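All remarks here apply to the structure that follows.
The values are calculated or read from the model by the stated rules, or taken from the named source; none is laboratory data. The model shown is predicted, which means the values in this text are computed figures rather than measured ones. Cβ sites come from the backbone with ideal geometry, for glycine too, and all protein chains shown count toward neighbours. Note: areas computed on protein heavy atoms with side chains; ligands, DNA, RNA excluded. Shrake-Rupley method; radii C 1.70, N 1.55, O 1.52, S 1.80 Å.
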Amino acid sequence: MNLHPAPRVSKIHAHTLFLALLTTLLAASAHAQSETHAPPFNGIAHVAIRVHDLAASIAFYQKLGFEQAFDLRKDDVPYESFIKINDNQFIELYPVTPKDPTPGFLHLCFEGVDLNAIYDDYISHGLTPTPVRKAGAGNLLFTLAGPLQPSGPQNIEYTQYMPGSLHSNDQGKHLGPDRVASKLIAVALAMKDPAAARDFYINQLHFKPIANDQMYLHMPGESGQEVEIVPATFGTQARLALSSDNLGKAARHLHKEGVAAVKNGASLTITDPDGNILILETR
C-alpha cells in the first residue's frame, strides 16, 4: 500500500519542466555540434624565431641535418630564412634589427585545411582576425591577437599552402637524409596568465586539454600536435619538441657534428646559439 502518493504535477508546471529540459538538450547539442564541426588544422606550419646572427643560426640548423629551403631578401640582403623540417613544417629565422634587438620566440603559425572556414568560424563567435590575404611566399594567411606573452599580445598566424607558392614549389626538396627529427610536434607558449591563456585556447580556438597534463593542449584536427602553456617566467626563448625516427642515430650525428646534446631519459635536448631549446623524442 502506498501511504504517501506522489503529488500531482500541474500541466503548467509540467510544461515548464519540459521547456527547461528541451532548452538544456538543445544547448548541449549545439555545443557538441560546434565542437564536432570546428574547422580542423593540418598541424603546426612554422615557428618563427629572431636570432643574433642569421648566418650562424642557419649553419647550426644545417649541422642538425635541416636545410634552408629558401629565403627572402631585400637589396640582396636576407631578412628571413626558411629552415625545412618536412614538406609542411618550417622554422623561420629572422635576424635582430635596431628596431627589434631581442632574440627569441616570435610567433607560431598553424596550417589550416580550409583557411576561410577557420576565419569564418572565428568571426562567428566574436574574434577579430585580420582578413585572409595572400602573403609574400604565395600562401593564404591571416593573423589573430592571442593572450598576453612577455613581449605583449601573442601574434598567432594561420596559413594555407597554395599551388605555386614557395612552399609548394619546394615539395620533396631540401629534405636532408641526416635530419635529427622529421616532425615538429609541440611548441611551448610563455604566457603572463597561463590559466587565462588555457581558457582562450580551449574556449575560443577549440583546442582540447590532455588528461595527464592540463597545460598541454591538442589542436583541432587529427594531427596530434600540441601547444604547451607555460608561465612567463620561462622567458622569451623558443622551446620546440620534435619527433625523431631514431634517437640513437640522431645522437651519433650530433656527436659527429660537434653539437652538444643532453640525454634526459628517452629524449635529447639541444640548445641553439641563442638559447632556444629543441627536444628530440620518439613518438
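V113 passes every criterion in (1) surrounded by 19 or more Cβ atoms within 10 Å (Cβ to Cβ); (2) under 28 Å from L280 (Cα atoms) apart from (1).
For the range 72-110, the set of residues classified as modelled with pLDDT of 95 or more, part of a strand (DSSP E or B), open to solvent by 20 Å² or more (accessible area, probe 1.4 Å) and touching a helix residue (DSSP H, G or I) at 6+ places or on another chain (Cβ under 9 Å) consists of Y94, P95, listed by residue number. Within the range 213-250, if we keep just the residues that are farther than 26 Å from R50 by Cα and more than 14 Å from the chain's Cα centre (by Cα), the residue that is most open to solvent (accessible area, probe 1.4 Å) turns out to be D245.
Check whether at least one residue in the range 262-271 is surrounded by 20 or more Cβ atoms within 10 Å (Cβ to Cβ) and over 23 Å from L144 (Cα atoms), and report yes or no.
yes
Just one of (1) under 21 Å from G43 (Cβ atoms); (2) touching a helix residue (DSSP H, G or I) at 6+ places or on another chain (Cβ under 8 Å); (3) without any contact (Cβ under 8 Å) to a residue 24 or more places away in the chain fails for T282. It is (3). I210 satisfies every condition listed in (1) within 30 Å of T102 (Cα to Cα); (2) over 12 Å from the mean Cα position of the chain (by Cα); (3) of a type in the set (V, I, T) except (1). Inspect the range 196-219 for any residue being among the basic types (K, R) and farther than 30 Å from D114 by Cα and give the result as yes or no. So far as the range 196-219 goes, no, none of its residues is among the basic types (K, R) and farther than 30 Å from D114 by Cα. Only one of the numbered conditions (1) modelled with pLDDT of 95 or more; (2) more than 16 Å from the chain's Cα centre (by Cα); (3) of a type in the set (A, V, I, L, M, F, W, C) is not met by A266, and that is (1). Among residues of the range 152-178 that are of a type in the set (A, V, I, L, M, F, W, C), those with a Cβ under 9 angstrom from a residue that is open to solvent by 40 Å² or more (accessible area, probe 1.4 Å), sequence gap 6+ or separate chain, pair up as I156/A145; M162/K134; L166/G136; L175/E67.
Scanning the range 172-203 for residues that are open to solvent by less than 60 Å² (accessible area, probe 1.4 Å), within 15 Å of the chain's Cα centre (by Cα) and not aliphatic (A, V, I, L, M) yields R198, F200, Y201. Remark: pairs (first residue in the range 78-92, on the phi > 0 side of the Ramachandran plot; second residue open to solvent by 10 Å² or more (accessible area, probe 1.4 Å); Cβ separation under 8 Å; 6+ apart in sequence or on different chains) are absent.
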